[in-house]
Amino acid sequence: MRLCINIDHVATLRNAREEREPDPVAFALRAEHAGVDGIVVHLREDRRHIKDRDVRLLRETIKTKLDLEMSLNEEIVEIAREVRPELATIVPERRQELTTEGGLDVAGQGDVVARATERLHEKGVAVSLFVEPDERQIDASKACGADFVEIHTGAFANAPTDKARREEFDRAQRAVRRARELGLGVNAGHGLDYVNMKLFREIEGVEEVSLGHAMIARAVVVGVENAVREMFAVMRGER
Ligand code: PXP
């Protein structure tokens, strides 16, 4: 399982004082040196954390892969067509939310999603759709022409008991199997951390996980290199 790090929080900290530091681009390069497989940023319509400048500089500097999280907004789709990340992950976006709250309703807006997917494909950008572990959404993702789904692990991460977490794990595993049967690549993310990864690492068929909050929080305390090293150790079952 590959590990990608979402660095939106680094930009949030920078923007808190409208300062130049910490620079998410510098952070991304250090994360790469520490071994991550990719850098994830969400260019939100309101630009509350990551700015256009960050995306463009990351495109020019990082050597792993850029996963651009984005909504279906026309302007953002246009930027993605110009920047050409290795992967565009389409997520739902609401202005009031603290973070992406639920999966994308692909089944309910298939035409719009298919059109955006096609426009991204025209520029050679692979497309992932961030969906709940729900067969209907996965089938709809395939029908829209997506290359990947990213399984939303929020319900797994936030499960109140071990039993509930196990049930959510099983639900995620069924969703991964379904997606793979359809020939989709499978990523996963949201709410994964150094504790729940000890169960999540058992999942079969997930190519890549995308972690933000837990790793940036850890990096604040122990530094980015240690945060990355520790997460890889958990993923490998060494911790
Ligand atoms: N994947 C997607 C699609 C997301 O929107 C987010 C949150 O930005 C993440 C993964 C990472 O979630 P977390 O910050 O909870 O690790």
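At-a-glance table
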{"quantity": "Segment 216-232-segment 92-145 distance, computed between alpha-carbon centres (Å)", "calculated": "30 Å"}
{"quantity": "³J(HN,Hα) computed for each position of segment 225-239 - Karplus, 6.51 cos²θ - 1.76 cosθ + 1.60, integer Hz, glycine/proline x", "calculated": "4, 5, 4, 5, 4, 5, 5, 4, 5, 5, 4, 7, x, 8, 10"}
{"quantity": "Computed magnitude of the charge dipole of the chain (debye, nearest 20; Cβ of K, R +1, Cβ of D, E -1)", "calculated": "480 debye"}
{"quantity": "Charge dipole of the chain about the Cα centre (unit charges at C-beta), most positive-ward option of 40, 152, 87", "calculated": "40"}
{"quantity": "Rounded, prolate or oblate (a/c below 1.5 giving rounded, otherwise prolate when a/b exceeds b/c) for the chain by Cα gyration tensor", "calculated": "oblate"}
{"quantity": "Cα-centred dipole magnitude for segment 120-239, charges only on beta-carbon of K, R (+1) and D, E (-1), debye, nearest 20", "calculated": "220 debye"}
{"quantity": "Straight-distance crosslink candidates among lysines, where the alpha carbon sits under 18 Å from residue 123 and sequence neighbours closer than 8 are dropped", "calculated": "65"}
{"quantity": "Of 22, 140, 206, farthest towards positive along the dipole that unit charges on Lys, Arg, Asp, Glu beta carbons give the chain", "calculated": "22"}
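Read-outs: derived from the displayed coordinates by stated rules, not from any lab. All values derive from a computational prediction rather than experimental measurement. Ideal geometry is used to build each Cβ from the backbone, glycine not excepted, and the neighbour counts take in all protein chains shown.
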